[in-house]
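Worksheet: the structure to be examined is printed underneath.
Each value in this text was obtained by applying a stated rule to the coordinates, not by laboratory testing. Please read all numbers here as calculations on a predicted model, not as lab measurements. Don't worry about glycine lacking a Cβ; one is built from the backbone with ideal geometry, like all the others, and counts go over all protein chains shown.
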Amino acid sequence: MKYSAINLVRNAFSYHENWQKAWSSPELKKEYDVIIVGGGGHGLGTAYYLAKEFGVKNIALLEKGWIGGGNTGRNTTIIRSNYLWDESAALYNHAVNLWEGLSSELNFNVMFSQRGLYHLAHSVHDMQEITRRAYSNYLNGIDAEILNQDQVKKNIPHMNVNGRYPVLGAILQRRAGTARHDAVAWGYARAAENLGVDIIQNCEVTGIDVSNGTVTGVQTTKGSVNAKKVGLVPAGHSSVLANMAGFRLPISSVPLQALVSEPIKPILDCVIMSNTVHVYVSQSDKGELVVGAGSDSYNSYSQRGSFDMIEHIMGPLTELFPIFSRLKMLRQWGGIVDVTPDRSPIIGKTPIENLFINCGWGTGGFKATPGSAHVFAETVAKGEPNKIAAPFSIERHFSGALVDEAAAAAVAH
Amino acid sequence: MFVIKCPYCGERDQTEFSCHGEAHIARPENPETLTDEEWGEYLFIRSNKKGIHYERWTHDHGCRRWFNVMRDTVSDEILATYKMGEEKPKS
């Protein structure tokens, strides 16, 4: 059933009790053309674009828990594309272009809000970095504005620009913003199922079948399935799945945590992030401040961040916004992010024929969801990397052609 | 948050330490003879184990010495700490 104003009125007469389920729980079949492992936004989106744009008919999406229950439901929902290098700019801006039409494409309100993102500069070096990045962004067709201290103060009056690390300026991307993360998973799931994708939840992949260097299927907690092609989109568990297929990845899985405050009236109409003092904050439509900072330095699969990190998050926040110091934090949680050496993702082929991988999004994958899903779907469908995805192969770790976003643009968020 | 037993100083709070990734990766003796694949493997490829993980830590705000930790990455339980150069404990 299409979501529309007319259907909303029509269903009001039956007290909204007859809305059909957004997606069902089909039985796992014995064979598929393509299996996507991982039911987060990137995986669900991949299944959707495979069915919609690349004509693949027989697709299953396997999720070990519930869809959107991993990093898709645990991030701070920030979206931007002002990355430094051409390769990243192309990838993340492809995503922003898709974000802009996503709600109408999926017939599901993902609440994409282009409220603007300020990346703060606290030193002369920071000002040089954001200026260099702004010029790089212009050349790649990405909007960027350099603001001085007065302009920042005028736009964000609550901010303390004269703290221990004074705010000298900011790079502003007006097309950046936030989206409702759960809605992204739900919207893609509903749209994918409408195109015939089997979404199988509570189905953990326990093994990957490889014969003569070619993938033939997967073993799951619901039995074994044959597949012509398999796409892995597992985020934190990338190395675990790669090990099942007999290869290793340049990835470390580490905890990243976030917090939300009690809900308050509108006070912050944009996204603020700072690499130097390291915090990022926005206000959700419910009124909560959504706050995050850096990841822990040690490997873990526990989905729990370390306690001292909370102080590292709240310290810079209350320094920048002394007014927030009175707020209570209501919830805190962690996710496991798969970090690569150059802080850029891995999208493409694996050493196993017909087995593809999309991982290594580290601390900032949510923003790329539609773009990542779209380029990966083409890669899986055609068997060769999509043009935008090509620089992000595993091979770059051997050739040396890293896409190094670690120093500047890819701050954890 | 961990309480880590530094092999030199004893038990201390995690905030005194920092972690530096997987342990027991030996630098190749003849880097100039390695292929790109072998060098990339040494530099970047990691086991990223779910389960028993051996890793390097430094006691930054203490004795400033390096040592190894054996830890379960599922429960985060620290199973052993030992000095650099010592045999790794069996899992």
Largest-first principal axis extents of the Cα set of region A:1-62 (Å): 42, 25, 20
Fraction of beta bridges assigned by DSSP in chain A that are antiparallel (%, nearest 5): 70
Among A:88, A:306, A:103: highest mean-square fluctuation, GNM of chain A, C-alpha pairs under 10 Å: A:306
Two-site label geometry, residue A:107 and residue B:77: point separation in nm, points 7 Å out along Cα→Cβ: 5.1
Selected from B:32, B:41, B:11 as most flexible by GNM, with chain B as the system and alpha-carbon contacts under 10 Å: B:32
From the C-alpha gyration tensor of region A:69-202, square roots of 5λ in Å: 34, 17, 13
Surface/4 estimate of mean projected area, convex hull on alpha-carbon atoms of chain B, nm²: 6.6
Selection from A:210, A:142, A:291 lying farthest towards where the dipole of chain A points positive, charges on Cβ: A:291
FRET efficiency, residue A:353 to residue A:135 (Cβ-Cβ, R0 45 Å, nearest 0.05): 0.60
Mean projected area (nm²) of the alpha-carbon convex hull when the protein assembly as shown is viewed from all directions: 25.8
Residue A:333 paired with residue B:9, simple spin-label distance in nm, labels 7 Å along Cα-to-beta-carbon: 3.6
Part-to-part distance (alpha-carbon centres) for region B:1-78 and region A:79-124, which is given in Å: 36
Stokes-Einstein translational diffusion, region A:168-317 - Kirkwood Rh over all Cα pairs, 1.002 mPa s, 20 °C, in µm²/s: 112
Under 25 Å from residue A:52, Cα to Cα: lysines that are on another chain or at least 8 residues apart: A:2, A:21, A:29, A:30, A:64, A:228, A:229, A:349, A:367, A:382, A:387
Helix axis angle, A:124-139 relative to chain A longest principal axis, alpha carbon, degrees: 50
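With viscosity set to 1.002 mPa s and temperature to 20 °C, compute the Stokes-Einstein D of region A:124-189, Rh being the Kirkwood radius across alpha carbon pairs; µm²/s, no decimals.
Calculated translational D: 153 µm²/s.
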Karplus-derived 3J(HN,Hα), 6.51/-1.76/1.60, for each residue of region B:3-17, Hz, glycine and proline x: 9, 10, 8, 5, x, 9, 10, x, 6, 9, 5, 4, 5, 7, 10
Shape call, region A:111-162: gyration tensor on alpha carbons, a/c limit 1.5: oblate
Approximate spin-label separation residue B:60-residue A:222, in nm, with each point projected 7 Å along Cα-to-Cβ: 4.5
Value at 222 nm in deg cm²/dmol, rounded to 500, when DSSP H runs of n ≥ 4 in chain B each add -39,500 (n - 2.57): -2500 deg cm²/dmol
Value at 222 nm in deg cm²/dmol, rounded to 500, when DSSP H runs of n ≥ 4 in chain A each add -39,500 (n - 2.57): -8500 deg cm²/dmol
Convex hull (Cα only) mean projected area of region A:313-372, reported in nm² to one decimal: 6.7
